[in-house]
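Asks: Got a structure for you, questions after.
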Amino acid sequence: MKSVFRLWILNFAASLELPDWCQDKREDCHRYIGRGPLGGGCERHAEYMRMFCARTCHFCDEPEDALQTAQIQIADSQIHLLTARGVRRWHFMELPVKGPVDSCPVGESNEAQRNTSCSIYSWRTHLASARFYDSLSHNLNSSVYRWDPLASRFERHQALPTSGAWALSSFKLAGQYYLALASFFDGFSRQLSSPIYRWDVLTDAFVWHQDLQTEGAKDVEFLLLSDSSGVLAFAETNANDNAGTCRLFHWAHRLRAFEPLQVLPTAGAYDVETFMPSTGEKAIVVVHEDGAEVYGTRWQDGELAGFSLLQELKIGHGRDAEHFQWAGRDLLALSVFRSEQSYEVETLVYEWDASSRTLIEVQGLQSAGAFDAEYLEFREPMLLVANQRLGVSRMYSFNSTSCDQLLCPLAEFKTPGVYNVAYNVSEVVGFLAIANFWD
Ligand SMILES: [Ca+2]
Ligand SMILES: [Ca+2]
């Protein structure tokens with residue numbers, strides 16, 4: 001009895017030293033340790049126990065939002081793959097980082113004045129995650145990582161408390177940098193607030209700026225109208241998965257906050273893309289289960305009155321619209337998950353036609369349960385299509401001689417369970433951040 005008690009005390013003392021983030025995600029973890037018939041779980045099923053019984057097994061060497069890195073070779077280029085558990089979406093952004101604190105004068109009260117008077121900034125690449133669920137909770141920290149050029153890696157910089165975060169986007173507005181998150185589901189409800197954070201150079205961190213009421217937000221994108229005006233668009237899927245809206249908020253410069261602008265009806269929106277063709281149009285593409293729509297701005301007395309429908313694309317089960325410019329052309333890739341019969345469908349590439357204000361199909365790319373498309377420029381421009389169903393991401397090159405189409409297959413690599421891919425090139429290093437959702 002005495003030795004059991006001692007063992008308990010020792011275990012208790014050891015677990016007190018474990019960091020708070022290291023938690024079990026099952027209540028019965030203790031059953032799988034020790035010598036019994038179910039025992040030895042930490043050694044025999046280490047991978048599973050690391051995910052569900054980390055505290056009991058003392059697998060607390062690495063937080064679960066720690067970045068995992070790997071390297072792949074694509075068309076003579078080394079590209080770093082980044083992943084972390086529970087992440088539903090990644091987002092790269094460049095943020096100003098202040099120089100040494102002692103170079104700033106003390107005692108200035110106005111933040112803008114202080115910012116200009118100690119304007120020793122450098123630009124650093126940051127990577128932020130929207131973490132949705134960790135098998136225990138939807139109330140998690142989504143993380144911001146900063147590129148460390150000396151160590152040649154991303155280091156965790158800040159944790160942002162989020163609830164069922166599904167997507168995120170950053171933007172610059174009226175001289176400030178913001179990060180918007182889309183809150184999808186907290187385990188009980190989809191009626192949640194989606195938080196907006198503002199980058200604060202002085203504290204070297206994002207600070208909470210505003211909460212926007214959304215329902216089942218699966219995506220968020222920003223459309224810049226002028227230096228101090230813009231629209232934030234959320235793609236929403238309501239409790240009935242085939243219903244939802246695209247909810248638009250307009251920046252009220254006087255209030256330094258977003259206000260409701262318009263609600264566009266959709267059938268369970270997955271994705272929204274803001275789209276600014278070089279011809280000056282400012283458009284929004286909404287992708288949902290029954291199709292995709294293109295909306296353009298409607299102005300009244302020089303003020304934004306809202307958005308009106310420009311075009312309906314009769315392509316159901318789309319998952320992502322990606323706008324990019326290549327060789328002076330405005331193109332848009334629409335990733336299509338499935339048809340009514342099959343996952344083997346075409347992901348479509350469109351070109352913006354300024355005179356008719358519509359998208360015109362230019363090419364179909366064979367895909368299998370495609371969830372995302374991403375345009376990359378690493379040594380040469382490429383388009384990546386992430387095939388979730390197939391667990392493979394395919395790269396296409398532009399105007400290659402290997403086929404007589406706009407895009408020709410170039411390479412492919414395994415991305416099991418891929419939901420979303422974000423791309424960035426930092427100095428000479430190319431990164432693909434892969435959101436696997438479950439891995
Ligand atoms: Ca989007
Ligand atoms: Ca995309």
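Asks: Considering every residue within region 398-408, establish whether at least one is touching an Asp or Glu at 6+ places or on another chain (Cβ under 9 Å), assigned by TED's automatic domain parsing to the domain that holds residue 317 and under 15 Å from residue 83 (Cβ atoms).
Replies: No; the residues of region 398-408 include none that is touching an Asp or Glu at 6+ places or on another chain (Cβ under 9 Å), assigned by TED's automatic domain parsing to the domain that holds residue 317 and under 15 Å from residue 83 (Cβ atoms).
Asks: Continuing with this model, one more query. Which of the residues that make up region 278-304 are out of contact with any Asp or Glu (no Cβ under 6 Å at 6 or more places or on another chain) and within 16 Å of ligand 2 (Cβ to nearest atom)?
Replies: 284, 288, 292
Asks: Moving on to the next point. Considering only residues of region 257-272 that are open to solvent by 30 Å² or more (accessible area, probe 1.4 Å) and either away from ligand 1 (no atom under 15 Å from the Cβ) or not assigned by TED's automatic domain parsing to the domain that holds residue 229 (or both), which is nearest to residue 171 (Cα to Cα)?
Replies: The selected residue is 259.
Asks: Exactly one of these conditions fails for residue 17: (1) modelled with pLDDT under 80; (2) in the same structural domain as residue 128 (by TED's automatic domain parsing). Give me its number.
Replies: (2)
Asks: Also, quick follow-up: Mind checking whether some residue in region 349-372 is out of contact with any Pro (no Cβ under 8 Å at 6 or more places or on another chain), without any contact (Cβ under 8 Å) to a residue 12 or more places away in the chain, open to solvent by less than 40 Å² (accessible area, probe 1.4 Å) and under 24 Å from residue 432 (Cα atoms)?
Replies: no
Asks: Can you find a residue that is more than 16 Å from ligand 1 (Cβ to nearest atom), in contact with a Gly (Cβ under 8 Å, 6 or more places away or on another chain) and modelled with pLDDT of 95 or more anywhere in region 131-148?
Replies: no
Asks: Check 206, 275, 307 and return the single one that is within 19 Å of residue 169 (Cβ to Cβ) and either within 16 Å of ligand 2 (Cβ to nearest atom) or open to solvent by 50 Å² or more (accessible area, probe 1.4 Å) (or both).
Replies: It is 275.
Asks: Within region 237-245, is there a residue that is within 15 Å of ligand 1 (Cβ to nearest atom), touching a residue at least 60 places away in the same chain (Cβ under 8 Å) and in a strand (DSSP E or B)?
Replies: Checked against the condition, which is being within 15 Å of ligand 1 (Cβ to nearest atom), touching a residue at least 60 places away in the same chain (Cβ under 8 Å) and in a strand (DSSP E or B), region 237-245 yields no hits at all.
Asks: For region 393-405, indicate whether the set of residues that are within 16 Å of ligand 1 (Cβ to nearest atom), free of Cβ contacts under 8 Å to residues at least 60 places away in the same chain, open to solvent by less than 30 Å² (accessible area, probe 1.4 Å) and at negative phi is non-empty.
Replies: Within region 393-405, none of the residues are within 16 Å of ligand 1 (Cβ to nearest atom), free of Cβ contacts under 8 Å to residues at least 60 places away in the same chain, open to solvent by less than 30 Å² (accessible area, probe 1.4 Å) and at negative phi.
Asks: Looking only at region 187-203, filter to residues that are of a type outside the set (Val, Ile, Thr) and in a loop (DSSP other than H, G, I, E, B); which one of those is surrounded by the fewest Cβ atoms within 10 Å (Cβ to Cβ)?
Replies: Going through the qualifying residues, I end up with 188.
Asks: Tell me which residues, restricted to region 207-225, are away from ligand 1 (no atom under 16 Å from the Cβ) and in contact with a Lys or Arg (Cβ under 7 Å, 6 or more places away or on another chain).
Replies: Once the filter is applied, which keeps residues that are away from ligand 1 (no atom under 16 Å from the Cβ) and in contact with a Lys or Arg (Cβ under 7 Å, 6 or more places away or on another chain), region 207-225 yields 207, 209, 215, 225.
The values are calculated or read from the model by the stated rules, or taken from the named source; none is laboratory data. Computed from a prediction, not measured in an experiment: that's the story for all the values here. Virtual Cβ from ideal backbone geometry, glycine too; neighbours counted across all protein chains shown. Surface areas here come from the heavy atoms of the whole protein model, side chains and all, with no ligands, DNA or RNA. Shrake-Rupley method; radii C 1.70, N 1.55, O 1.52, S 1.80 Å.
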